[in-house]
1. What pairs come out if I take residues in the stretch 51-70 that are over 16 Å from Ser40 (Cα atoms) and pair them with residues that are assigned to a loop (DSSP other than H, G, I, E, B) and modelled with pLDDT under 90 whose C-beta lies under 8 Å away, six or more apart or interchain?
2. Scan the stretch 16-74 for residues that are of a type in the set (Lys, Arg) and within 17 Å of the chain's Cα centre (by Cα) and jot them down.
3. From the list Ala30, Ala35, Ala76, Ala58, exactly one residue is under 25 Å from Thr140 (Cα atoms), modelled with pLDDT under 90 and not β-branched (Val, Ile, Thr). Which is it?
4. Would you check which residues across the stretch 114-153 are part of a helix (DSSP H, G or I) and surrounded by fewer than 19 Cβ atoms within 10 Å (Cβ to Cβ) and list them?
5. Give me the pairs: first residue in the stretch 17-45 and in contact (Cβ under 8 Å) with a residue 12 or more places away in the chain and on the phi < 0 side of the Ramachandran plot, second residue of a type in the set (Lys, Arg) and assigned to a helix (DSSP H, G or I), beta-carbon distance under 6 Å, and six or more apart or on different chains, which are they?
6. When the residues of the stretch 90-123 are filtered to those that are touching a Phe, Trp or Tyr at 6+ places or on another chain (Cβ under 9 Å) and among the aliphatic types (A, V, I, L, M), which remaining residue is nearest to Thr134 (Cα to Cα)?
7. Just a yes or no: is a residue in the stretch 102-118 within 20 Å of the chain's Cα centre (by Cα), under 23 Å from Gly52 (Cβ atoms) and touching a residue at least 60 places away in the same chain (Cβ under 8 Å)?
Amino acid sequence: MNLTPVFASALAADIPQEVFGQIFVVSLLAAALVAAIAFSLRGLWLIFEKAGVEGWKAIIPVYHHVILTRIAGLSAWWTLPLLLVIPLLKASNGGAKKFCLLLLAVWWVWLCQRLAKRFGKGIGFGLGLACPGTSFFFRTALAFDKSTYNTNP
């Protein structure tokens with residue numbers, strides 16, 4: 001007596017045996033990515049709570065940039081350049097795209113420097129927050145260390 005559901009046996013019959021390993025690796029990478037995103041959001045949540053802001057605001061995509069600018073000691077209007085430059089990245093001119101990316105990078109480094117300064121960290125820590133490859137680690141360190149938020153650094 002075969003207890004395998006009909007749809008499962010039909011799907012498994014069409015897949016070659018060597019593909020199962022690839023499916024496992026892709027599934028493992030997807031699970032690792034979801035775990036990393038969840039851990040990163042938890043770190044951002046804790047940073048917001050350290051600064052006296054409700055943590056749930058960290059999971060709203062554009063709104064959390066507005067709150068980050070406020071935590072960094074800037075007006076929320078400083079998020080406007082970010083929102084105005086992003087549509088220009090669709091420009092067909094390659095020079096305009098490079099210029100917009102440069103503006104975004106300068107803006108992000110400046111914001112991360114101000115954010116690090118508010119938590120009593122130095123220039124190197126701010127650069128670590130700004131770099132895409134290391135920001136995950138520096139954000140986690142900022143979330144779980146004993147630093148406190150200072151409104152007047």
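The values are calculated or read from the model by the stated rules, or taken from the named source; none is laboratory data. Everything numeric in this text was worked out from a predicted model, so none of it was measured. Glycine also receives a Cβ, built like all others from the backbone with ideal geometry; neighbour counts cover every protein chain displayed.
1. Cβ pairs passing all conditions: Thr69/Ser75.
2. Answer for the stretch 16-74, where residues must be of a type in the set (Lys, Arg) and within 17 Å of the chain's Cα centre (by Cα): Arg42, Lys57.
3. Ala76
4. Arg114, Lys117, Ile123, Gly124, Leu127, Ser135, Phe136, Phe137, Thr140, Ala141, Phe144
5. Gly43/Arg139
6. Ala116
7. yes
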